[in-house]
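What follows is a single structure, written as structure tokens, with notes after it.
The values are calculated or read from the model by the stated rules, or taken from the named source; none is laboratory data. Quick caveat: nothing in here was measured; it's all calculated off a predicted structure. Here Cβ is always computed from backbone atoms with ideal geometry, including for glycine, and neighbour counts include all displayed protein chains. Side chains are part of the model used for accessible areas, which takes the heavy atoms of the whole protein and leaves out ligands, DNA and RNA. Shrake-Rupley method; radii C 1.70, N 1.55, O 1.52, S 1.80 Å.
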Amino acid sequence: MVSVAITPVTPFEDALGQSLRRLAIGHAQSAYNELPAPFGVRFPSGGSAAGFHMVFAGRCWLSTESGCQRWLSAGDLALLPHGSGHVIADRPESHVVPYTALKGAVRGGANALLCGTYKFGAVGKDPVLALLPEVVVVPAEQVRDSPGFVAVLNALRAEITAARPGHDAVVSSLVDASFIYIVRAWLANQDPVDAHWLTALRDPGLSRCLTSIHTNPKGPWTVAGLASVARMSRAAFARRFTQLVGASPLAYVAARRLDQAARLLRDSDQPLGAIASAVGYESEFALSRAFKRSRELAPGRYRAMHRGAEAHSPSAMMRRGGVSRSSS
């Protein structure tokens, strides 16, 4: 008999697995196109469906209705977990048409994209989705750091470019697997404390509470209000939340608001006052003070630093030079 050593599963990994299984992934729909420039396609809000885009060749400009904007290059993947309405185009000023205007598969263009939606079977909002920002981008560099992710994407590209028996089933399974890798890749970039919420997902009360916070971080949350959502006494809730999540309830709310502010500073051109209102602060000054205390940088300096880093990154310089990268 051959004995197989099994690596113990940590509480974190077990909780993540339970949450992902609860999402009941398996209803992905996708379409592969090779689009010539110029092009612009509008995808409406998907409600409970999450949108995704995988760039196999060329590049495209992603812009959401809320103002999040960025370039995607060959090898990059983008997930819109909350189904935000958005546009994919070859450049920001391109003419845009509804996605329904694409009649059949387009071939021969320099911009190869697999676009689609994940329709989850979970009822209501799940914390694993509520945690994620409006847009999750996994750059090609990070994909290449995961041999398993690379293998899935290589198999996916080979399958979508060749008609074989069982084609639809294979593509659907590989797209589903890609969702797991995208979530893993995003979590890998989070601070350990910020990911502790996963260990609380097995607690129904805390799960409801975390979902509410992530769904509406700007809400007028109090310990008593959150305890009511969790259906626990205030004292028991505060104690259990701090024990399992690693931060007090209101400290966790504040951290989520600042995370959202940081994303808006990086990914949008909204003025600081608008961002303050969007994340639940009474004034630009209040947000600036909290942001600087948390990140040791003023919001303006944080935005400038990240815009500068993006402008001088190897991928950005390749994009400006019009160089296409392979995803393999």
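Give the residue list of trypsin sites (Lys or Arg not before Pro) in region 207-313 that are DSSP loop and have at most 13 other beta-carbon atoms within 10 angstrom.
Numbers: sites: R208, K218, R231, R234, R239, R240, R256, R257, R263, R266, R289, K292, R293, R295, R301, R303, R307; in loops: K218, R231.
Filter output for region 207-313: R231.
Tell me, in nm to one decimal, what length is gained between V96 and D168 on full extension, where the rule is 0.36 nm per residue of separation less the Cα-Cα distance? List each step's numbers first, then the result.
Numbers: separation 72, 0.36 × 72 = 25.92 nm, distance 2.87 nm.
Length gained, V96 through D168: 23.1 nm.
Using 7 Å Cα-to-Cβ label points, what is the E141/K292 separation (nm, one decimal)?
With each label point 7 Å from Cα toward Cβ, the separation is 3.0 nm.
In whole angstrom, how far apart do the alpha carbon centroids of region 50-107 and region 229-297 sit?
Going from one Cα centre to the other spans 30 Å.
Provide the packing ranking of 77-85, 222-230, i.e. peptides ordered by the mean count of other C-beta atoms within 10 Å per residue, highest first. Mind showing how you got there, number by number?
Values: 77-85: 21.8, 222-230: 17.4.
Result, highest mean first: 77-85, 222-230.
Quick one: if the Förster radius is 35 Å, what FRET efficiency do A304 and S233 give, using the C-beta to C-beta distance and rounding to 0.05? Intermediate values should be presented prior to the final figure.
Values: r = 46 Å, r/R0 = 1.32.
Step by step, r from the Cβ atoms, then E = 0.15.
By accessible area of protein heavy atoms, probe 1.4 Å, what ranking do Y181, Y32 get, highest first? Walk me through the intermediate numbers first.
Values: Y181 55, Y32 20 Å².
Largest accessible area first, the list is Y181, Y32.
Could you sort D145, D176 by accessible area so the largest value comes first, with the probe set to 1.4 Å?
Values: D145 125, D176 30 Å².
Listed by decreasing accessible area, they come as D145, D176.
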